[in-house]
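Heads up, the thing below is written out as structure tokens.
The values are calculated or read from the model by the stated rules, or taken from the named source; none is laboratory data. Small disclaimer: the values here were computed from a predicted structure and weren't measured. Note that each Cβ is placed from the backbone with ideal geometry, even for glycine, and that neighbours are counted across all protein chains shown. Remember, those area values only see protein heavy atoms, side chains included, never the ligands or the DNA or RNA. Shrake-Rupley method; radii C 1.70, N 1.55, O 1.52, S 1.80 Å.
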Amino acid sequence: MKRIVYILSVALMLAGCAAKPHSERVDGMTSPDGKLQMEVLLTSDGTPQYSLKREDTDIILPSSLGFEMRGVLKSTDVDFARDGKAHKIDTKPVRSMHDGFVVVSTEHSSFDETWEPVWGEESSIRNHYNELLLVMEQPGKNTKMNVRFRLFDEGLALRYEFPDGQEDGYMVIKDELTTFNMADDCFAWWIVADYDSQEYEYTGSYLSEIPQLLPDAIRDNSSRTYIDNSSVQTSLQMKMRNGLYVNIHEAALVDYPCMHLNVDAKNHSLKSALTPGADGWKGQIQTPCHTPWRTVQVAETAAAQLANRMTLNLNDPCALEDVSWIHPTKYMGVWWEMIAGAGSWDYTRDFQTVKLGETDYAHATPHGRHSANNENVRKYIDFAAENGFDQLLIEGWNIGWEDWANCNKDYVFDFVTPYPDFDIAALNDYAHKKGIKLMMHHETSSSPRNYERHMEQAYTLMNKYGYDAVKSGYVGNILPEGQYHYSQWMVNHYLYAVKEAAKHHIMVNGHEAVRPTGLCRTYPNLVGNESAMGTEYQAFGGIKPGHTAILPFTRLNGGPMDYTPGIFHMNLKEWCGNDSHVNSTICGQLGLYLTMYSPLQMAADTPEHYAEHMDAFQFIKDVPCDWSESRYIDAEPMDYIIVARKGKKDGKWYMGGVTDEIAREFDIPLDFLGEGTHTAVIYADAPSADCYTNEQAYEITTKTVTSGDTLHVRMACGGGFAVEFK
């Protein structure tokens, strides 16, 4: 009897093996330097796959591609809305676009160019790759889907292309099935998936550990609007057991929903998970069209990963004929005093405390002062002008702040009407006479329809008064209800705002928008985004040290962040009664001007606080925000980063670093310096400095150095350093 059972078991196993699709190689290619190899495969059931190796080391095991689409709608299947009856689209069958394909042809090509960004971390960028186009169709269905692969020395990119001339030119996406089957259980630095926010602190763990750690990560943000407990956000930075650094992201996100990643912990596999629209479907496409790029960046070292420019290279060249009006900007703002609770956006009532969990966090102020008043703004203008800044941001200048946040009101702001104590004409005149421009602030209260109906008159007002930059915001749940910050509908809105701004020669700094995917190459007036947990959270309970040592690997992969560094007074309770504490040292704040690249850099603290430390403030005054060359010297994700950059205008080198809670010491070779001797002005944490207990302790020293020297630096707990080479 046991023998019969055994024979039956073997027979069933063999039958199962026979039924399992096997893969056959279709084509492949290597990177320009020959180190990366990718293959295209097709399973016996017609499912396209790809794989990736580096020098015979597996990175991505064979991984499937394709889609599930909504079934074709016919007039007999649905009651259309025009007759007043409800739709029945949920009953439609799923249309497979992931199997049943045959390969029609493959096409190979190569590309090599060097292009010059309008602003950036370097004055020129090489874009060099080999390309393979996989042309496929489903026989008998007149369905065509191509996959274009680009293999750089720095990694692999792929996108789907849907040519014209097929039966169904309009398709509704049920699911995108792009998978990334990792070759091992990588260590990953991740934030929980969310359709509306990237404002989380990062967790470091192996892929297999993510599901069990996600509940705690979710509790860190009670406003989370994505309930799948096995998903994370891109850009996802990982490290393989063999030491290779692998990063998964997307590039050129246009007219398509933002991608998250579902985690299969057991198999160390990741699958694309698109943000749905209000109807529950993931997106709509109409041929001819293509998706954004899905990217797998590969680097031998963490420093090499930070120098990766794949995301920018996968975007189209600049679409603007005239870019002379786009310029890097160093600015101050009437902002931090309101964030910390020393003032308010409201004009008509005292600002109240905000309760988060069991704690009353400030935004509380004892006097309820409206910060955007004429006298206060002039004080900031005077200080910014005296210290060589370009612009001054003022928030809370316009009517509507009394009932805007999460009120689900379609019409709150008109973006043109100031409060009675903000004289827009007089203040702009006062600023311009002192060589300062004011920076506009447009908080949409997450009502993009209202913003779009007022956009032309708002941008025209900016032109009238000489504003050339705007900070936009999208705080709250998106209206119309059911839409998310990262849905296809909102992705299109953000780009529409950037394009309309360009017509008025206005630079855009978008907050709470979708995370960047390199579109700043195509539209360089997109000079910044927030799209991550920024400095403001130092006033909402604090941020753990190490946060700024992971953001350059993840959030900054797609473009610069308006992180708003430069806080000098860390004890907020002492200042304004806020129980939060800024977990950084002064030199840790200075280091951010090098490690957190942006062409839009803010000195975020108040004139009074800078006046107490003008010797340290000198570095913020001196450091540029546009570079001709950048050298990432040493780094490890969420631990530390050290970078040196050469100013595009002044030709001088600057260097800075930040660390997590561990104090660190380094001997840094100065081989990036030019010939001759240089005077290094070194801003360093004092021996007693500590981000929790002695955050304002620093030392400034000078030293004569050459390119053959090494420089010893020490970073305190939560600290950093900065150097200017004169």
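The order of the peptides 334-343, 142-151 by mean Cβ neighbours within 10 Å, most packed first, is 334-343, 142-151. Largest first, the extents of the alpha carbon coordinates of region 482-598 on the three principal axes equal 45, 34, 27 Å. Put simply, when 119-126, 689-696 are sorted by average Cβ atoms within 10 angstrom per residue, most first, you get 689-696, 119-126. Projecting the Cα atoms of Tyr465, Ala689, Gly566 onto the charge dipole of the chain, computed from C-beta unit charges around the Cα centre, puts Tyr465 farthest toward the positive end.
If R0 is taken as 41 Å, the Cβ-Cβ distance between Tyr692 and Ala307 corresponds to a FRET efficiency of 0.80.
With R₀ set to 45 Å, the beta-carbon distance separating Glu24 from Asn242 gives a calculated FRET efficiency near 0.95.
Taking a sphere under 12 Å around the Cβ of Asn492 and counting the other residues whose Cβ falls inside, with K and R at +1 and D and E at -1, yields a net charge of -1. If you average the alpha carbon positions of region 478-496 and of region 290-312, how far apart do those two centres end up, in angstrom? Region 478-496 and region 290-312 have Cα centres separated by 26 Å. Translational diffusion of region 409-533 was estimated from the Stokes-Einstein equation, with Rh taken as the Kirkwood radius over Cα pairs; at 4 °C and 1.567 mPa s the coefficient is 86 µm²/s.
For Ala663, the residues whose modelled amide H falls within less than 5 Å of its own, excluding neighbours fewer than 5 places apart on the same chain, are Cys717.
Each residue of region 672-678 was assigned a 3J(HN,Hα) from its phi angle through the Karplus curve 6.51 cos²θ - 1.76 cosθ + 1.60 (θ = phi - 60°); the sequence is 6, 5, x, 5, x, 9, 9 Hz, with glycine and proline shown as x.
Summing charges over all other residues whose Cβ lies under 13 Å from the Cβ of Gln138, with Lys and Arg as +1 and Asp and Glu as -1, gives -2.
Summarising the amide proton neighbourhood of Asp690: residues at separation of 5 or more, or on other chains, whose placed amide H is nearer than 5 Å comprise Glu695, Ala697. Report, in listed order, any pair from Lys573/Lys726; Lys544/Lys703; Lys330/Lys544; Lys282/Lys409; Lys35/Lys726 with a Cα-Cα distance greater than 29 Å. Long pairs (Cα-Cα over 29 Å): Lys573/Lys726; Lys544/Lys703; Lys35/Lys726. Within region 241-256, find all residues whose amide N lies under 15 Å from a label point positioned 7 Å from the Cα of Phe111 along Cα-to-beta-carbon. Under 15 Å, as judged by backbone N against the label point of Phe111, lie 251-253 of region 241-256. Rounded, prolate or oblate: which one fits region 159-309, using the alpha carbon gyration tensor with axes a ≥ b ≥ c (rounded when a/c is under 1.5, else prolate when a/b beats b/c, else oblate)? It is oblate, given that a/c is not under 1.5 and a/b is not larger than b/c. Computed from label points 7 Å out along Cα-Cβ, the spacing between Glu209 and Lys434 is 5.1 nm.
Taking 0.36 nm per residue of separation and subtracting the current Cα-Cα distance, fully stretching the chain between Arg453 and Asp423 would add 8.4 nm.
Remark: relative contact order (region 528-568) = 68 percent; criterion is Cα-Cα distance under 8 angstrom and separation of 6 or more residues.
Label 7 Å along Cα→Cβ of Lys464; region 386-427 residues with amide nitrogen under 19 Å? Backbone N within reach: 394, 396-400, 413-427.
Segment Asp56..Lys499, full-extension length gain: 155.0 nm, with 0.36 nm per residue of separation and the alpha-carbon distance subtracted.
Rounded if a/c is under 1.5, else prolate if a/b beats b/c, else oblate: with a ≥ b ≥ c from the C-alpha gyration tensor eigenvalues square-rooted, which is region 588-726? Judged from the Cα gyration tensor, region 588-726 comes out rounded (a/c under 1.5).
Using the Cβ of His108 as centre and a radius below 14 Å, the other residues enclosed give a net charge of -2, where K and R count +1 and D and E count -1.
What's the magnitude of the charge dipole for the chain around its Cα centre, counting Lys and Arg as +1 and Asp and Glu as -1 at the beta-carbon? Answer in Debye, nearest 20.
Details: 62 positive and 100 negative charges, 302 e Å.
The calculation lands at about 1460 debye.
Going down the table (Lys437/Lys621; Lys379/Lys437; Lys379/Lys649), which pairs top 20 Å between alpha carbons?
Lys379/Lys649
At q = 0.05, 0.07, 0.09, 0.11 Å⁻¹ the log10 of I(q)/I(0) for the chain amounts to -0.26, -0.51, -0.83, -1.22, computed by Debye summation with a single uniform scatterer per C-alpha, solvent ignored. Have a look at Val498, Asn557, Leu42 and report the one farthest towards the positive end of the charge dipole of the chain, computed about the Cα centre with Cβ charges (Lys/Arg +1, Asp/Glu -1). Going by the Cα projections, it comes out as Leu42. Net charge dipole, region 383-511: roughly 400 debye, given to the nearest 20, about the Cα centre with Cβ charges of +1 for Lys and Arg and -1 for Asp and Glu. When every Cα-Cα distance of region 485-538 is counted in 5 angstrom steps from zero, the calculated P(r) takes the values 4, 19, 30, 24, 13, 7, 2, 0 percent. Each stretch of four or more DSSP H residues adds -39500 (n - 2.57); spread over every residue of the chain, this sum gives -5000 deg cm²/dmol at 222 nm.
Summing Cβ point charges (Lys, Arg +1; Asp, Glu -1) relative to the Cα centre of region 374-442 gives a dipole of roughly 260 debye.
Here the contact order of the chain, divided by its residue count and restricted to Cα pairs under 8 Å and six or more residues apart, works out to 10 percent.
In the context of the full set of protein chains, residues of the chain present 38 Å² of accessible surface per residue (probe radius 1.4 Å, heavy atoms only).
Protein heavy-atom surface of region 226-351, 1.4 angstrom probe: 50% of the accessible area is carbon and sulfur, with nucleic acids and ligands not counted.
Would you mind giving the average projected area, over all directions, of the Cα convex hull of region 520-660 in nm² with one decimal? Please list the in-between numbers first.
Working: hull surface 34.0 nm².
Its Cα hull, projected and averaged over all orientations, spans 8.5 nm².
Across region 357-484, the relative contact order, built from alpha-carbon pairs under 8 Å that are at least six residues apart, equals 26 percent. For Met439, the amide hydrogen comes within under 5 Å of the amide hydrogens of Leu392, Leu393, Ile394, counting only partners 5 or more places away or on other chains and with H modelled in the peptide plane. When the Cα positions of Ser197, Asn262, Tyr430 are compared along the charge dipole of the chain, Asn262 comes out farthest toward the positive end, with charges on each C-beta of Lys, Arg, Asp and Glu. Backbone phi angles across region 399-406, fed through the Karplus curve with coefficients 6.51, -1.76 and 1.60 (θ = phi - 60°), yield HN-Hα couplings of 5, x, 6, 6, 8, 9, 7, 6 Hz in residue order; Gly and Pro are listed as x.
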